[in-house]
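Reviewing the structure listed below.
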Amino acid sequence: MKVLGIDIGGSGIKAAIVNTKTGELLSERHRIDTPKPATPEAVAKVINQMIVFFNWKKAVGCSFPTTIVNGKCIHPGNLSEKWLNVKVDKLFRKECKLPFYISNDADLAGLAEVSLGAAKKEKGVVIMITIGTGIGSGLFFNGNLIPNLEIGKMLHTNGEIIEFHTADSVRKKENLKLKDWAIRFDSLLEYIRIVYTPSLIVLGGGISKRYDGFKEHLQTEVKVKVAEYKNNAGIIGAAIYASKEHKK
């Protein structure tokens, strides 16, 4: 029931002890800046700092910001090119001497929301969208995860990767007004509607806290909700994932 969940992001690495039955954080959330450059060795040392901080001795769940298959990173994402083909679970286990269960960050944020949060009991197709350094996505059907959907890696109409047009980091970099960014983001939501016909889209990431300030500019007909667990969804989902995998 008590599991340490760690959420690795482009700017920060966050962790807390989670009650996996209720989603409640049983500790204060601890944050350490993501090292620059975010190489495997540098990130592994921060993960070990987290383990020491919480004095943790059991299995750990970890959400990771790119595609993970059987614990291996198969796309470098926004961290470092050196992550490609790294067995992340094995790397962290070697550094911390504990079992690690690793999966994609948006998949695990979605797992938290589908299991206990905004998408609980929602039938049909549910898509979790995390908006931050990039655009993450998690796909669920009747509550079951279909892993490693990478909507952010699709191409925009100009031929560029769409997260380079719609991520929150782009809004900040281009100094876009919230309305102008929302119009861009709405085009992504509409594309998702056409391709996947979801019954619900759940929005996470830091900018989701400003949903009331931009929702009027979203014209898509898909039902949209803000993640109930907000920026803690990745931590909670990681803990739930580790709990399930450790029992297998």
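Listing for the model above:
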| quantity | calculated |
| --- | --- |
| Counted residues, the range 111-167 - those being of a type in the set (A, V, I, L, M, F, W, C), under 17 Å from residue 197 (Cβ atoms) and part of a strand (DSSP E or B) | 9 |
| Whichever residue in the range 76-98 is in contact with a helix residue (DSSP H, G or I) (Cβ under 8 Å, 6 or more places away or on another chain) and at pLDDT below 95 and, among such residues, is surrounded by the fewest Cβ atoms within 10 Å (Cβ to Cβ) | 76 |
| Residue satisfying all of: in the range 143-177; open to solvent by 40 Å² or more (accessible area, probe 1.4 Å), modelled with pLDDT under 95 and acidic (Asp, Glu); nearest to residue 64 (Cα to Cα) among these | 150 |
| For residue 32: the one exception among (1) in a helix (DSSP H, G or I); (2) open to solvent by 30 Å² or more (accessible area, probe 1.4 Å) | (1) |
| Single unsatisfied condition, residue 50 versus (1) in contact with a Phe, Trp or Tyr (Cβ under 9 Å, 6 or more places away or on another chain); (2) free of Cβ contacts under 8 Å to residues at least 60 places away in the same chain; (3) closer than 24 Å to residue 120 by Cα | (3) |
| Qualifying residue in the range 99-112 (condition: open to solvent by 40 Å² or more (accessible area, probe 1.4 Å) and free of Cβ contacts under 8 Å to residues at least 12 places away in the same chain) | no |
| Members of the range 178-208 found to be in a helix (DSSP H, G or I), open to solvent by 10 Å² or more (accessible area, probe 1.4 Å) and of a type outside the set (Gly, Ala, Ser), listed by number | 178, 179, 180, 183, 184, 186, 190, 191, 193, 194, 195, 196 |
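The values are calculated or read from the model by the stated rules, or taken from the named source; none is laboratory data. This is a predicted model, so every value here is computed, not measured. All Cβ positions, glycine included, derive from the backbone under ideal geometry; neighbour counts span all protein chains shown. Just so you know, the surface numbers come from the protein's heavy atoms only, side chains and all, with ligands and any DNA or RNA stripped out. Shrake-Rupley method; radii C 1.70, N 1.55, O 1.52, S 1.80 Å.
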